[in-house]
Amino acid sequence: MKVLVINCGSSSLKYQLIDSDTKEALAVGLCERIGLEKGYLKHTPAGNDKIVIEAKMENHEIAVSMVINALTDKEHGVIKDLSEIDAVGHRVVHGGEKFASSVIITDEVVNAIEECNDLAPLHNPANLIGIRACQSLMKDVPMVAVFDTAFHQTIPAKAYLYGLPYEYYDKYKIRKYGFHGTSHSFVSNRMAKFCGLDINNSKIIVCHLGNGASISAVLNGKSIDTSMGFTPLSGLIMGTRSGDIDPSIIEYIANKENKNLDEIMHLLNKQSGISGMSGVSSDFRDINKAMEEGNEQAQIAFDVFVYRVVKYIGGFVASLNGVDAIAFTAGVGENDPKVRYDVCQYLGYLGIAIDEEANKVKGKETMISTPDSKVKVAVIPTNEELTIARETVALL
Ligand code: ADP
């Protein structure tokens with residue numbers, strides 16, 4: 001089956017056309033600056049160069065029609081016509097407590113996703129726009145929603161409730177939801193196979209360290225805790241997000257800097273984290289370079305990041321009552337040996353030993369712990385699009 005995987009943001013749309021039999025992406029691409037004066041579609045057919053088409057895309061429907069044109073184009077297309085697309089899999093950020101697994105999209109499902117808009121005001125409305133745009137252009141093609149939150153719906157109440165008056169959970173469903181679920185699910189399963197563990201009898205910690213970053217504790221294949229919470233702002237230090245802070249800081253900054261709530265949320269989401277702490281960049285490649293040049297602020301940002309990861313791992317080892325395997329994934333986890341090495345240096349108490357040569361790997365499934373390490377540690381590249389395609393095929 002050929003599955004078009006769509007990840008729709010407010011002004012962007014990422015896509016991959018995946019052949020679910022070969023697991024290969026036939027084409028990948030991205031529409032940027034939707035709704036703005038000058039937009040781009042970047043389209044890369046497998047094994048060929050990227051092409052960039054400049055065009056004004058007034059709305060997401062026009063962006064989707066450009067994607068279809070790119071996929072079916074005589075020169076850089078990868079399919080003859082639309083009829084070759086068997087299904088569409090949509091990434092949806094928030095499924096609230098309604099969705100503990102992926103679902104075939106019906107009118108009721110669209111309404112239920114809409115009801116979760118309040119919980120993810122930046123993401124869910126954009127995801128819905130993408131769904132509706134595809135529905136109007138591909139009327140008879142079945143579509144599936146795959147939720148970032150679904151995998152974490154197995155987290156028990158003792159881990160998902162905040163220390164707030166219970167009525168706020170009752171009335172507004174304020175609780176930990178967790179995100180990156182598709183990645184945590186894929187990577188924990190892959191890690192079990194890679195280490196020869198039975199997933200149904202395993203304790204795995206997944207460190208998804210990208211621009212957005214989260215860690216999860218996976219017991220017997222089910223998420224029992226994760227570092228992100230009600231929103232993707234909490235937990236680890238991220239590229240531009242603060243992660244956990246004392247909530248009273250918000251009031252303090254408001255008073256000192258005369259900022260309103262919107263401005264402070266912007267500060268915490270976009271100007272904090274590695275970028276805000278280092279004053280250099282949100283990108284670990286730039287941070288590594290700055291550290292090599294002796295930039296102390298970059299070094300401290302890096303150290304704070306590593307230390308937070310270590311604390312979450314330690315907490316989740318306690319939650320799991322032990323750990324069999326730790327997986328590193330996403331942009332930083334897959335490509336930054338120094339992050340992995342520094343994290344693991346703290347974990348000697350678990351009997352973890354790292355093979356420094358193996359740890360030089362970038363972006364490839366590799367065991368980086370030594371054969372006598374008590375806990376297996378590996379790099380497992382994530383593949384959220386392939387997981388969405390697989391879920392889509394499984395449901396249909
Ligand atoms: P997201 O999906 O959250 O946008 P990714 O998982 O794609 O993020 O991760 C992107 C980040 O990965 C970059 O911002 C950068 O910090 C990091 N990264 C990518 N390549 C490398 C590399 N070669 N070395 C170190 N860090 C890298």
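Neighbour counts of other Cβ atoms within 10 Å put MET138, MET57, MET228 in the fewest-to-most order MET138, MET57, MET228. Each Lys or Arg adds one and each Asp or Glu takes one away; over the other residues whose Cβ falls under 14 Å from the Cβ of VAL361, this sums to -1.
Close amide H pairs (under 5 Å, H built 1.01 Å from N) link GLY9 with LYS14, residues at least 5 positions away or on another chain. Computed over the chain with a Gaussian network model linking Cα atoms closer than 10 Å, the most mobile of ASP107, ASP118, ASP283 is ASP107. Remark: spin-label model distance ILE245-VAL52 equals 3.5 nm, labels positioned 7 Å along the Cα→Cβ axis. Distances between placed amide hydrogens fall under 5 Å for GLU24 paired with ASP19, all partners being 5 or more residues away or on another chain. Placing pseudo-labels 7 Å out from each Cα toward the beta carbon at ARG33 and LEU261 gives an inter-label distance of 3.4 nm. Taking the DSSP bridge list for the chain and keeping only pairs wholly inside it, about 70 percent are antiparallel. With a/c under 1.5 counting as rounded, go ahead and sort the chain into rounded, prolate or oblate using the C-alpha gyration tensor (a ≥ b ≥ c being the square roots of the eigenvalues; past the cut-off, prolate if a/b is larger than b/c, else oblate). Rounded. The charge dipole of the chain, taken about its Cα centre with unit charges on the Cβ of Lys, Arg, Asp and Glu (plus for the first two, minus for the last two), comes to roughly 480 debye.
Could you state the number of Å between the C-alpha centres of segment 92-152 and segment 4-23? Rounded to whole Å, the Cα centres lie 15 Å apart. Simple rule: put +1 on each Lys or Arg Cβ and -1 on each Asp or Glu Cβ in the chain, find the dipole, and look at LEU197, ILE131, ALA46; the Cα lying farthest toward the positive end is LEU197. Run lengths n ≥ 4 of DSSP H only: what is the helix-derived mean residue ellipticity at 222 nm for the chain, with -39500 (n - 2.57) per run over all residues, to the nearest 500? Roughly -11500 deg cm²/dmol at 222 nm, from the helical runs in the chain.
Set Lys and Arg Cβ to +1 and Asp and Glu Cβ to -1, take the dipole of the chain about its Cα centre, and tell me which of ILE253, LEU236, ALA298 lies farthest positive. It is LEU236, whose Cα lies furthest towards the positive end.
Would you mind checking the tilt of helix 181-195 against the longest principal axis of the Cα atoms of the chain, expressed as 0 to 90 degrees and rounded to 10? Taking the Cα atoms of the chain, the angle to 181-195 is about 60 degrees. Summing charges over neighbours of GLN16, with a neighbour being any other residue whose Cβ is under 12 Å away from its Cβ, gives 0 when K and R count +1 and D and E count -1. The packing ranking, built from the mean of other Cβ atoms within 10 Å per residue, places the peptides 385-391, 347-353 in the order 385-391, 347-353, highest first.
In degrees, nearest 10, range 0 to 90: what is the angle between the Cα axis of helix 248-257 and the longest Cα principal axis of the chain? In the chain, helix 248-257 runs at an angle near 80 degrees to the longest axis. Taking the convex hull of the alpha carbon positions in segment 192-303 and averaging its projected area over all directions gives 8.8 nm². Reported to the nearest whole Å, the Cα centre-to-centre distance from segment 220-299 to segment 378-396 is 28. One chain, two ends: ILE199 and LEU122. Fully extended at 0.36 nm per residue, the span grows by 24.3 nm beyond their Cα-Cα distance. Once the Cα-Cα distance is subtracted from the 0.36 nm per residue extended length, the ASN69 to TYR252 segment shows a gain of 60.7 nm. The order of PHE99, PHE147, going from fewest to most other C-beta atoms within 10 Å of their C-beta, is PHE99, PHE147.
Between helix 124-137 and the chain there is an angle of about 30 degrees, using the helix long axis and the longest principal axis of the Cα atoms. Distance between the 7 Å Cα→Cβ label points at ASN59 and GLU24: 3.7 nm.
Given the Cα-Cα distance of TYR172 and VAL310 and 0.36 nm per residue of separation, how much length would full extension add, in nm?
46.5 nm
Residue by residue, segment 273-282 carries 3J(HN,Hα) couplings of x, 4, 5, x, 6, 7, x, 9, 5, 8 Hz when phi is fed to the Karplus relation 6.51 cos²θ - 1.76 cosθ + 1.60 (θ = phi - 60°); x denotes Gly or Pro. Among the listed pairs LYS38/LYS289; LYS50/LYS74; LYS171/LYS222, give every one whose C-alpha distance is greater than 22 Å. From the list (LYS38/LYS289; LYS50/LYS74; LYS171/LYS222), the Cα-Cα distance tops 22 Å for LYS38/LYS289; LYS171/LYS222. Couplings 3J(HN,Hα) for segment 11-28, derived from phi with the Karplus relation 6.51 cos²θ - 1.76 cosθ + 1.60 (θ = phi - 60°), are 10, 9, 8, 9, 9, 9, 9, 10, 8, 6, 6, 8, 6, 8, 7, 7, 7, 10 Hz, where x marks Gly and Pro. Taking the Cα centre of segment 333-396 as origin and assigning +1 to Lys and Arg Cβ atoms and -1 to Asp and Glu Cβ atoms, the resulting dipole is close to 100 debye.
Charges were assigned to the Cβ only: +1 to each Lys and Arg, -1 to each Asp and Glu. The resulting dipole of segment 1-155 about its Cα centre is roughly 340 debye.
Rounded to the nearest whole Hz, the Karplus-based 3J(HN,Hα) values (6.51 cos²θ - 1.76 cosθ + 1.60, θ = phi - 60°) of segment 55-61 follow the sequence 6, 7, 10, 4, 8, 5, 5, with x at glycine and proline. Here segment 18-155 carries DSSP beta bridges of which approximately 75% are antiparallel, counting only pairs with both residues inside. Pairs of alpha carbons in segment 268-361 separated by more than 15 Å make up 64% of all such pairs. When each of the peptides 338-344, 215-221 is scored by how many other beta carbons lie within 10 Å of its residues on average, the order from highest to lowest is 215-221, 338-344.
The amide H of GLY35, built 1.01 Å from its N in the peptide plane, has MET57, GLU58, ASN59 as neighbours under 5 Å, considering only residues 5 or more places off or on other chains.
With neighbours defined as other Cβ atoms within 10 Å of a residue's Cβ, the residues ILE264, ILE105, ILE6 order from fewest to most as ILE264, ILE105, ILE6.
Quick note: the coordinates plus some simple rules give every number you see, no bench work behind them. Everything numeric here is computed off the predicted structure, so don't read it as measured data. Methodologically, a virtual Cβ is constructed for each residue, glycine included, from the backbone with ideal geometry; neighbour enumeration extends over all protein chains shown.
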